[in-house]
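Here the structure comes first, spelled out in structure tokens, and everything after it is commentary.
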Number of protein chains: 2
Amino acid sequence: MDEAELKVLQEEIKAMGDEIRSLKTEKADPTLIKAKIAAMLEKKKLLGDGQADQGKFVLKTPKGTRDYGPKSMAVRESVLKVVVDAFKRHGAETIDTPVFELRDVLMGKYGEEGGKLVYDLQDQGGELLSLRYDLTVPFARYLAMNKISNIKRYHIAKVYRRDQPVMTRGRYREFYQCDFDIAGQYDLMIPEAECLKIVDEVLSKLEIGEFFVKLNHRYLLEGMFAACGAGADQFKTVCSSIDKLDKVPWCEVEEELIKEKGLTKENTEKLGQFVRLREFNPSMDSLDLLDKLMEFEDLSKNPKFKKGVDELKFDPSLARGLDYYTGAIYEAVVPKALEGVSLEANGEEQKGLPVGVGSVAAGGRYDELVGNFIGPTGSKGKEKRQDVPCVGVSFGIERLFAIMEAKMQIEQMQVRTTETQVFIASAQKNLLQERMKLCGQLWNEGFKVEMAYKANPKLLTQLQYCEDRLIPYVLIVGERELQEGVIKLRNVKTREEQDVPLAKLADILRSHLNSL
Amino acid sequence: MDEAELKVLQEEIKAMGDEIRSLKTEKADPTLIKAKIAAMLEKKKLLGDGQADQGKFVLKTPKGTRDYGPKSMAVRESVLKVVVDAFKRHGAETIDTPVFELRDVLMGKYGEEGGKLVYDLQDQGGELLSLRYDLTVPFARYLAMNKISNIKRYHIAKVYRRDQPVMTRGRYREFYQCDFDIAGQYDLMIPEAECLKIVDEVLSKLEIGEFFVKLNHRYLLEGMFAACGAGADQFKTVCSSIDKLDKVPWCEVEEELIKEKGLTKENTEKLGQFVRLREFNPSMDSLDLLDKLMEFEDLSKNPKFKKGVDELKFDPSLARGLDYYTGAIYEAVVPKALEGVSLEANGEEQKGLPVGVGSVAAGGRYDELVGNFIGPTGSKGKEKRQDVPCVGVSFGIERLFAIMEAKMQIEQMQVRTTETQVFIASAQKNLLQERMKLCGQLWNEGFKVEMAYKANPKLLTQLQYCEDRLIPYVLIVGERELQEGVIKLRNVKTREEQDVPLAKLADILRSHLNSL
């Protein structure tokens, strides 16, 4: 952390402190205050790390990265389980690719801006390598290299971007991506529909609140831009301006289009009519919106626009990520923060946006990316492009993690980081072998069991460990009980105890665990 | 691939071809011949990639890496499930760390040889970074940085070593590690015992055949070396020679010790008496072996040796990986190849060793690594070292993957890469919406369902897909059936069909699937 960053952080912490004080004065909701304090402590931790930085050798993770501790991992595993279950329910296979690729494979795939953010490996003799920037280009390389023309696969892995990190808002340099893609010569919109079904299943299951899905098509955008006098070469740059419409007002977008992108006022006024149609008609359904657009002669006469219309209903303000998309594009958006969730400390890329607001899944059709790797085949003059059409969706899994973490904090849900069912304790000294023997038996029966790693642990320490770790049952080994062939079974929550015959231990334990 | 490597590969393929021809002449076991041919085809694939290399831009993964396709991933997931289940049964949490660390964190941790194999990232402005070389140093850094003094965690992730790859024998530059470690001030040998119990549970469950566990202690080795006149500064280098005893005969080790390590003939003769004791007494149990060693006065009078003896029974020829180990060390070894497994194409680092022979898990006690990161604390003159004692075990998970892949090939087990339970097919045209609706209903009920992405797929193509993919059931949508409120349920294996009322579909499907 450099001095400028340190200063920003110090100021942020001061502002948070002020806010907490005024909330307390206003006697605001204690849960909210608690959450704000937790957020401030997180920042103070960053500050501690940052300050230590100034001096001698410091233990830290590289800039823009962090460790995932047991609690974060538990939340991550629970979210990923929901996503993977959905992928498997839809018959997907999984693959994995190396964390680095030949630099040539990535070159020219992410535009000028993206290219600057790729991590290169040092030339230590041999090939020039770079860390993967996303999972889509490695997927296309995998298909082309192995001559695979149809597959339905998911891939969950970390990707790397040398971006300016804003760790307090969840923008990291190392982060997970979570992609599902269908490759193959299939009929239009059937794979797209499945991708959207998966988005619906995952977001519903995670209970992150209301969300809606935006849908558009590259041809509709091309048709609209052409009707407004923007050339085909301006497609990407006009898109990137339009895509800002969900964050900034039209007047700013219009100014950018005129001053930076070279459109005339006449051009932008026409374009504004099209792309702001949803804004002016918030309750109109997509079909009617489409009819309204078709009333413009410039659009209804454009063959690409008509083709796009034939293929779908849509939201004309969605224009994101069009670098390699060739058909339908879609995005799932969470419009409102979860009740009570207003931590800034997690998961957000947009300054000031509360957790849980923004895009949580996005994707579309990209029919030419794999073909780019294969190139034309056949003899000269008869060259034929081998396309492998693809449709996919990528979950904003880091944002989903952050939403779930915030949700658990708000709902004061306790996160278990282990699955231990039973703890073997002892009430007296010199029972190490008996504890180990019992552990061994229960492990062999498939129970999840722990014991203390001390020869003579104190009973209270052992019971305290179980309460802290939310372990439901304790078996207390005692000499008297062993002689009588029984063992004490204690319910950690209710503190009820009963003597259980050793011969029936596994059965009784199993029935207790099943009733939890 | 350079020309020399290409040539080696071409010669290997020729030799394999010759062997296959002679096996055929000898009318050898067809399964063996089939396996040999599969291995040769794998190599030919490498050759293809290698030759293409010579020319223009080639699609490949970086040297020493490979993609994991759906079949490999399915095997990997099944092996990892056994391992993770064991870790969870023993109450472990999991953590994750970034794929790269500050270069300073890794420096000096892997000896001179290891240091050369670390991948560095290019200096693109900012910190100097390197890819992780193992999971143990990042774990120690995590503990020191977060001031964690006790934790039981596992970590499964890829590590990176710029070693000379021997991909045909499974030595890669990117590979998984799978570590379980217990950190904390606990009583000796209790955590060690749990690590060995986990090794036993995992290897038994995987049914990879007979294995045995070697056990030794750093103090025993130090005591033996001291008794033979080797100085403390020679510890590492003498260890590395002794550790070769499982691969080369004593005379070669002795020659190395004299010529390269500077021991005298008198030294090595004494050392040989100690470390070859197991070799001369193969059936003697560890306790007796220990007594025999204690008969040597040089050893019984050495305080370190005695301390080691007090702590365990052991195998005096095990000396591996001692860089940071401070106490007990252990290793699980598979002595014999699985019946029928003799593919060279998988998982082996030792030339000529058949799959499944060698070390499959190893670990020990390392009490000082975390302290190295923390350094002494307290005011000058009263400095106190803060140690976090650790005990761990690391599975040779890549070798376990290779053994399981070979085992499945030998046993001709079919690997399913998806979990699809039901396929929704149609016998006639124009039933796309009906298929989609039914899919949606079954997905919502939690079934794993697929359908064709074509508007009008052929029935035979759909049934063929199910047979290829081992999908157990097909539902065939037909107009007549829909009118009657039923649907045809087909068992893919037996080809039996029955009409099922749509209202009872979910229940009937569930009971069929439960009976599989």
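The values are calculated or read from the model by the stated rules, or taken from the named source; none is laboratory data. These numbers were taken from a predicted model, which means no experiment stands behind them. Every residue, glycine as well, gets a Cβ built from its backbone with ideal geometry; the counts of neighbours run over all protein chains shown. All accessible areas refer to the heavy atoms of the entire protein, side chains included, with ligands and DNA or RNA removed. Shrake-Rupley method; radii C 1.70, N 1.55, O 1.52, S 1.80 Å.
To keep it simple, each residue is scored yes or no on (1) closer than 30 Å to B:Glu101 by Cα; (2) open to solvent by less than 10 Å² (accessible area, probe 1.4 Å).
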residue: B:Arg153; (1), (2): yes, yes
residue: B:Arg162; (1), (2): yes, no
residue: B:Met189; (1), (2): no, no
residue: B:Asp200; (1), (2): no, no
residue: B:Lys205; (1), (2): no, no
residue: B:Phe211; (1), (2): no, no
Checklist entry - So A:Glu450 clears everything in (1) among the charged types (D, E, K, R); (2) closer than 15 Å to B:His90 by Cα; (3) in a helix (DSSP H, G or I); (4) modelled with pLDDT of 95 or more except one condition, right? Which one? => result (3)
Checklist entry - Could you say whether any residue in segment A:98-116 is under 30 Å from B:Tyr465 (Cβ atoms), within 12 Å of chain B (Cβ to nearest Cβ) and at pLDDT 90 or above? => result no
Checklist entry - Among the residues of segment A:120-139, is there at least one that is within 9 Å of chain B (Cβ to nearest Cβ), touching a residue at least 60 places away in the same chain (Cβ under 8 Å), crowded, with 20+ Cβ neighbours inside 10 Å and farther than 21 Å from B:Arg162 by Cα? => result no
Checklist entry - Can you name the residue in segment B:480-505 that is under 42 Å from the mean Cα position of the chain (by Cα) and over 27 Å from B:Lys429 (Cβ atoms) and, of all such residues, is surrounded by the most Cβ atoms within 10 Å (Cβ to Cβ)? => result B:Lys493
Checklist entry - Quick check: is even one residue across segment B:83-97 more than 9 Å from every other protein chain (Cβ to nearest Cβ), at pLDDT 95 or above and within 24 Å of A:Lys152 (Cα to Cα)? => result no
Checklist entry - Right, A:Leu509: assigned to a helix (DSSP H, G or I), crowded, with 17+ Cβ neighbours inside 10 Å and touching a residue at least 60 places away in the same chain (Cβ under 8 Å) or not? => result yes
Checklist entry - Within segment B:434-454, is there a residue that is within 14 Å of B:Ile424 (Cα to Cα), among the acidic types (Asp, Glu), away from chain A (no Cβ under 12 Å) and touching a residue at least 40 places away in the same chain (Cβ under 8 Å)? => result yes
Checklist outcome for this item: A careful count of residues in segment A:455-487 that are farther than 27 Å from B:Lys81 by Cα, touching a residue at least 40 places away in the same chain (Cβ under 8 Å) and either of a type in the set (A, V, I, L, M, F, W, C) or assigned to a strand (DSSP E or B) (or both) gives 5
Checklist entry - Quick one: B:Gln409 ticks every box in (1) assigned to a loop (DSSP other than H, G, I, E, B); (2) over 28 Å from B:Ala503 (Cβ atoms) bar one, so which box is it? => result (1)
Next on the checklist: Quick check on segment A:158-168. Is at least one of its residues of a type in the set (Phe, Trp, Tyr) and either out of contact with any strand residue (DSSP E or B) (no Cβ under 6 Å at 6 or more places or on another chain) or in a helix (DSSP H, G or I) (or both)?
Outcome noted: no
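Conditions (1) surrounded by 20 or more Cβ atoms within 10 Å (Cβ to Cβ); (2) part of a loop (DSSP other than H, G, I, E, B), marked per residue:
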| residue | (1), (2) |
| --- | --- |
| B:Ser78 | no, no |
| B:Gly91 | yes, yes |
| B:Asp104 | no, no |
| B:Glu113 | no, no |
| B:Arg141 | yes, no |
Next on the checklist: Among the residues in segment A:215-226, are any free of Cβ contacts under 8 Å to residues at least 60 places away in the same chain and open to solvent by less than 40 Å² (accessible area, probe 1.4 Å)?
Outcome noted: yes
Next on the checklist: If A:Ala193 satisfies all but one of (1) away from chain B (no Cβ under 14 Å); (2) free of Cβ contacts under 8 Å to residues at least 24 places away in the same chain; (3) open to solvent by 30 Å² or more (accessible area, probe 1.4 Å), what's the number of the condition it fails?
Outcome noted: (1)
Checklist outcome for this item: Within segment B:418-433, of all residues that are surrounded by 22 or more Cβ atoms within 10 Å (Cβ to Cβ) and among the polar types (S, T, N, Q), the one nearest to the other protein chains (Cβ to nearest Cβ) is B:Thr420
Item to check | Which listed residue is under 16 Å from B:Gly364 (Cβ atoms), among the hydrophobic types (A, V, I, L, M, F, W, C) and more than 13 Å from chain A (Cβ to nearest Cβ), from B:Leu221, B:Leu206 | outcome: B:Leu221
